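The structure appears below as structure tokens.
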Amino acid sequence: MQSKQFLHVVGARPNFMKAAPVLRALSRYGVRQSLVHTGQHYDARMSDAFFRELELPEPDINLGVGSGSHTEQTAQVMVGLERVLHEHRPDIVVVYGDVNSTVAAALVSAQVGVPVAHVEAGLRSRDRSMPEEINRMITDRIADWLLTPSADADENLRAEGVDPARIHCVGNVMIDTLTRLLPRADGAARLTSLGLGDGEPFVLVTLHRPSNVDDSTHLRQLVSVLEEVSSGLPVIFPVHPRTRQRLGTQAVTAPRLHLTPPLGYLEFLGLQRHATLVVTDSGGIQEETTFLGVPCLTVRDNTERPITVTHGTNRLIGRSPQRLQLAIQQVLDSDRSGGTAPPLWDGHASDRIAAVLST
Ligand code: UD1
């Protein structure tokens, strides 16, 4: 009898660090695996660099969908992947997280009749204005294996009436990648190139959510706060392409607010671990700072990762620039508090996933 055939679908930056450990763990079971990149993220800095650093195999297929409206992206992934599924006939399709590529792959797999496993199932912000929330809800409706990072995700699924037999609490697979690569994470060269001394405190910032960056006036107000903060201590802000477009040619003149291109995984992790404070609207960074014990301020009204607030170092501060300024000052004036890593964020989530999926 032939071994099971897995087809993994990734598309955007936050998928890559989740898929890498699962491919590695499954390879120990002697199953057949192929990797499809939808092409949702295509810049070298948003995609290729991650494949290299995470030691992901070259994708077997790249659908090349690129940018577009949510509908266009989702539809193009579905059309492209349908052909691939008919050709490859996998036994299981594995999808990751909550990006447009995730829901598109889950939907077309269900239509073609291939079972779906969802890694990072069950997270809910209860904010339907975010495309990711819709993507999560639909993917979880469809998936046959719901592989959750934490107990709150299990509870969300049970509350939605999901059959408990489909729910497997496996832990946080992003932490598998983090623990494996932490020894190689290094931000020193970047700090030196920005003129920061060894051990000098700094604030690390990422902002890319439409709710923070799509309105240029609001984005400008957030950047003004960062400019002011940078008169006290340096701020490093790797700028996502979406944010870069919205910033346009607006000059940022504060000499210690350092805007950089998007950074690779190892360099960003190297900065994160030594940051005095991280300001973000990313989901994954809320989790990474919790694991690293670094204070995190999340510029959002809600989070699908409440465990980072209850167990970790994360604080939700909403989107107001004034609140951001106040909250940054509060963190800088206080002692750094550690928080604890939630249960099963132990570097072995992918082993548990492989055990569930390969039986
Ligand atoms: C997507 C995900 C989001 C995730 C984020 C991480 C959805 C709905 N959103 O948002 O959940 O947190 O990725 O980065 O799937 N662009 C480039 N080069 C690229 C990719 C994008 O220049 O390689 C530009 C394009 O102009 C594009 C814009 O960035 O229109 C946004 O890209 P898109 O994939 O639509 O969404 P993200 O904001 O990256």
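The values are calculated or read from the model by the stated rules, or taken from the named source; none is laboratory data. Bear in mind the structure is a predicted one, so any value in this text is a computation, not a measurement. Because the Cβ atoms are built from the backbone with ideal geometry, glycine has one as well, and the counts that use them run over all protein chains shown. Note: accessible area is taken over every heavy atom of the protein model, side chains too, but ligands, DNA and RNA are not part of it. Shrake-Rupley method; radii C 1.70, N 1.55, O 1.52, S 1.80 Å.
Observations on the structure shown:
- Enumeration of residues in the range 1-60 that are within 11 Å of the ligand (Cβ to nearest atom), assigned to a helix (DSSP H, G or I) and among the hydroxyl-bearing types (S, T, Y): S47
- Matching option when the condition is closer than 26 Å to D351 by Cα and either open to solvent by 30 Å² or more (accessible area, probe 1.4 Å) or among the aliphatic types (A, V, I, L, M) (or both), among H88, H41: H88
- Strands (runs of 3 or more DSSP E) contained in the range 145-219 and holding at least 2 residues in contact with a His (Cβ under 8 Å, 6 or more places away or on another chain): 145-148
- Taken together, the residues in the range 240-253 that are more than 11 Å from the ligand (Cβ to nearest atom) and modelled with pLDDT of 95 or more amount to 0.
- Filtered by the rule that a residue be without any contact (Cβ under 8 Å) to a residue 40 or more places away in the chain and either open to solvent by less than 60 Å² (accessible area, probe 1.4 Å) or farther than 18 Å from V103 by Cβ (or both), the range 64-84 gives G64, G66, G68, S69, Q73, T74, A75, M78, R83.
- Output for the range 315-340, where each listed residue is buried (at least 17 other Cβ atoms within 10 Å of the Cβ), of a type in the set (A, V, I, L, M, F, W, C) and touching a helix residue (DSSP H, G or I) at 6+ places or on another chain (Cβ under 9 Å): L316, I317, L324, I328
- T139 meets the conditions (1) in a helix (DSSP H, G or I); (2) touching an Asp or Glu at 6+ places or on another chain (Cβ under 6 Å); (3) touching a residue at least 40 places away in the same chain (Cβ under 8 Å) in every case but one. The failed one is (2).
- Some residue of the range 94-108 being closer than 25 Å to F291 by Cβ and over 17 Å from the mean Cα position of the chain (by Cα): no
- Long-range neighbours under 8 Å by Cβ, at least six apart or interchain, first residue touching a residue at least 60 places away in the same chain (Cβ under 8 Å) and part of a helix (DSSP H, G or I) within the range 89-110, second among the polar types (S, T, N, Q) and open to solvent by less than 10 Å² (accessible area, probe 1.4 Å): S101/N15; S101/T38; T102/N15; T102/T139; A104/T38; A105/T38
- Residue-level check: of (1) open to solvent by 10 Å² or more (accessible area, probe 1.4 Å); (2) within 15 Å of R13 (Cβ to Cβ), D281 misses just (1).
Let's see how each residue does on (1) more than 29 Å from I175 (Cβ to Cβ); (2) not aliphatic (A, V, I, L, M):
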| position | (1), (2) |
| --- | --- |
| T192 | no, yes |
| N212 | no, yes |
| D215 | yes, yes |
| E228 | yes, yes |
| V235 | no, no |
| P241 | no, yes |
| A254 | yes, no |
| L257 | yes, no |
| L266 | no, no |
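- Flag for V103 being of a type in the set (A, V, I, L, M), under 22 Å from P149 (Cα atoms) and open to solvent by less than 40 Å² (accessible area, probe 1.4 Å): yes
- Among the residues of the range 201-216, the ones that are open to solvent by less than 60 Å² (accessible area, probe 1.4 Å), away from the ligand (no atom under 16 Å from the Cβ) and not hydrophobic (A, V, I, L, M, F, W, C) come to 0 in all.
Yes or no, residue by residue, for (1) within 20 Å of the chain's Cα centre (by Cα); (2) open to solvent by 10 Å² or more (accessible area, probe 1.4 Å):
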{"site": "D127", "(1), (2)": "yes, yes"}
{"site": "A143", "(1), (2)": "yes, no"}
{"site": "P149", "(1), (2)": "yes, no"}
{"site": "A189", "(1), (2)": "no, yes"}
{"site": "L196", "(1), (2)": "no, yes"}
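- Yes/no for S27 being hydroxyl-bearing (S, T, Y), over 16 Å from A110 (Cα atoms), open to solvent by 10 Å² or more (accessible area, probe 1.4 Å) and in contact (Cβ under 8 Å) with a residue 24 or more places away in the chain: no
- Any chance E227 is within 15 Å of the ligand (Cβ to nearest atom) and either part of a helix (DSSP H, G or I) or surrounded by fewer than 16 Cβ atoms within 10 Å (Cβ to Cβ) (or both): no
- When we screen R336, R319, R300, R305 for residues that are at pLDDT below 95 and part of a loop (DSSP other than H, G, I, E, B), the only hit is R336.
- Filter result for H258 (assigned to a strand (DSSP E or B) and over 30 Å from A19 (Cβ atoms)): yes
- Within the range 234-255, residues that are at negative phi and part of a strand (DSSP E or B) have Cβ atoms under 8 Å from residues that are of a type in the set (V, I, T) and surrounded by fewer than 17 Cβ atoms within 10 Å (Cβ to Cβ) in these pairs: I236/T260; F237/T260; P238/T260, counting only partners at least 6 apart in sequence or on another chain.
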